[in-house]
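Heads up: the structure comes next, in structure tokens.
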Amino acid sequence: MRELRPLFHLLLALSTHWVAEEMTVSVLVDVTTNALCPGKNTCPEAIYLNGIQQTVVGIFKMIVLPLLGQLADEYGRKPLLLLTISTSIAPFTILSISQSRESVYAYYVIRTICNVISQGSIFTISIAYAADIVDESRRASAFAWVTGFFSVSHVVGNLIARFLRSQYIFEVSLSLLIFGPVYISIFLKETVVRTIEPNEDLPIMKKVCKVARQRYCSMKNAADIVIRSSTLKSICLVSFFYDLGMTAINSVLLYYMKSVFGFNKNQLSELNMMVGIGSIFSQLALLPLLNPLVGMKVILWISLLASIATGLLYGLAWASWVPYLGASFGVIYVLVKPSTYAVISMGSNTADQAKAQGFVAGVQAIGSFLSPLAMCPLTTWFLSSNAPFNCKGFSIILASLAMVVSLCLATTLNIEAPSEKNPQGDLEDVEAPLLSKG
């Protein structure tokens, strides 16, 4: 519990944000299907639109995530958290006003732009914030608290979605989304002390060139940090193939469930709640207990194995109860994220936490944009009457193979302590933030 006290304000704001986001997930499937394909359970247009969104977000995340990580190291965690956590307000404002076909398209356009900034970066900056204020020996537990509260928020969000009428979902969500940035701006303390540069009276073009050069040097520094560490290089590959498979599954899963088994908002919420309830226990209680006994590497292996089992059960589901069995493995596979964060943290210096987390998140984003390119048309094909053989979840089975590759790579992972020497020498001294100890 000692890890929780300094994280209280951060976790409260994040939990409110995550509840607001999660309570809309199962409802969005019904809203988009009803708007784009009225009266039908299968909606190829919605699947393709969701896939395009994932692809566009993934492409730009490769650049934006490492950049936001660097900016968080240089200019502070708080302003970047305020930026990223505020982006969800605009798209949900649209759906709270109207849920017509035009409004759904407008939602997807604005949501895509906002996700480029916020998707993955909220976690990256939050993990860096936690690393700033928690001792290195307790960081794994602190990261488990962050991801554990993420799971708690999922349960609460799905519980609200299960019992609240659909017409009120977006209004309630919007009010919670506004609360998060307001709370952060008032109560969250900054952990990065910026270095003060002398004021320079430079022409605008020279200032632009200087900023561009600083960004290039900082991104190059982040790449060097990862390349020079065998631990960070290995976890990059593990994360890439895991996200390649898991993002592919998540991009079509809810539409697949609705099409094959006719799941509605309530059943999708129940499925998500099963994962959330089990993952609360595993992240807040099981992970802190197992880490001293078996180590983070073994936890990563077990959680990857559970994710493979989940994907195969979803893809081979022969009855409506099988997805619930697959969801039960969520108790274990949710540990992939906190164990990955812990490995990255153990492989990087204190001043480079956000850079390393952001760079790995950028590599994950490559998998995020590649997977929907194949997943959406393949899923639509096997859900249609023109499928070459009867296996509606064939695309999900193929996506599970990427996680098999991730597990094989994880078995070769060797966690090493980072070198204290800055690979960029004096060039990066002006950019290295001074982290407050309190």
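The values are calculated or read from the model by the stated rules, or taken from the named source; none is laboratory data. Since the structure is predicted, the reported quantities are computational estimates derived from the model, not experimental observations. Methodologically, a virtual Cβ is constructed for each residue, glycine included, from the backbone with ideal geometry; neighbour enumeration extends over all protein chains shown. Please note that ligands, DNA and RNA were not included when accessible areas were found on the heavy atoms of the full protein model with its side chains. Shrake-Rupley method; radii C 1.70, N 1.55, O 1.52, S 1.80 Å.
Here's the yes/no breakdown for (1) β-branched (Val, Ile, Thr); (2) open to solvent by less than 20 Å² (accessible area, probe 1.4 Å):
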residue: 238; (1), (2): yes, yes
residue: 245; (1), (2): no, yes
residue: 251; (1), (2): no, yes
residue: 262; (1), (2): no, no
residue: 277; (1), (2): yes, no
residue: 293; (1), (2): no, no
residue: 316; (1), (2): no, no
residue: 322; (1), (2): yes, yes
What is the residue count in segment 324-339 for residues that are open to solvent by 10 Å² or more (accessible area, probe 1.4 Å) and either in contact with a Leu (Cβ under 8 Å, 6 or more places away or on another chain) or assigned to a helix (DSSP H, G or I) (or both)?
8
Filtering segment 281-291 down to residues that are open to solvent by 60 Å² or more (accessible area, probe 1.4 Å) and either free of Cβ contacts under 8 Å to residues at least 12 places away in the same chain or β-branched (Val, Ile, Thr) (or both) yields 289
Can residue 19 be described as among the hydrophobic types (A, V, I, L, M, F, W, C), under 16 Å from the mean Cα position of the chain (by Cα) and closer than 29 Å to residue 381 by Cα?
no
Would you check if there is a residue in segment 154-165 being surrounded by fewer than 23 Cβ atoms within 10 Å (Cβ to Cβ), in contact (Cβ under 8 Å) with a residue 60 or more places away in the chain, of a type in the set (Val, Ile, Thr) and under 23 Å from residue 243 (Cα atoms)?
yes
Out of segment 92-136, which residues are of a type in the set (Lys, Arg) and open to solvent by 30 Å² or more (accessible area, probe 1.4 Å)?
101
Filtering segment 23-68 down to residues that are under 16 Å from the mean Cα position of the chain (by Cα) and of a type in the set (Val, Ile, Thr) yields 25, 55, 56, 57, 59, 63, 64
Log entry, pairs with first residue in segment 250-274 being part of a loop (DSSP other than H, G, I, E, B), second being buried (at least 20 other Cβ atoms within 10 Å of the Cβ) and modelled with pLDDT of 80 or more, beta carbons closer than 6 Å, six or more apart or on different chains, reads 263/257
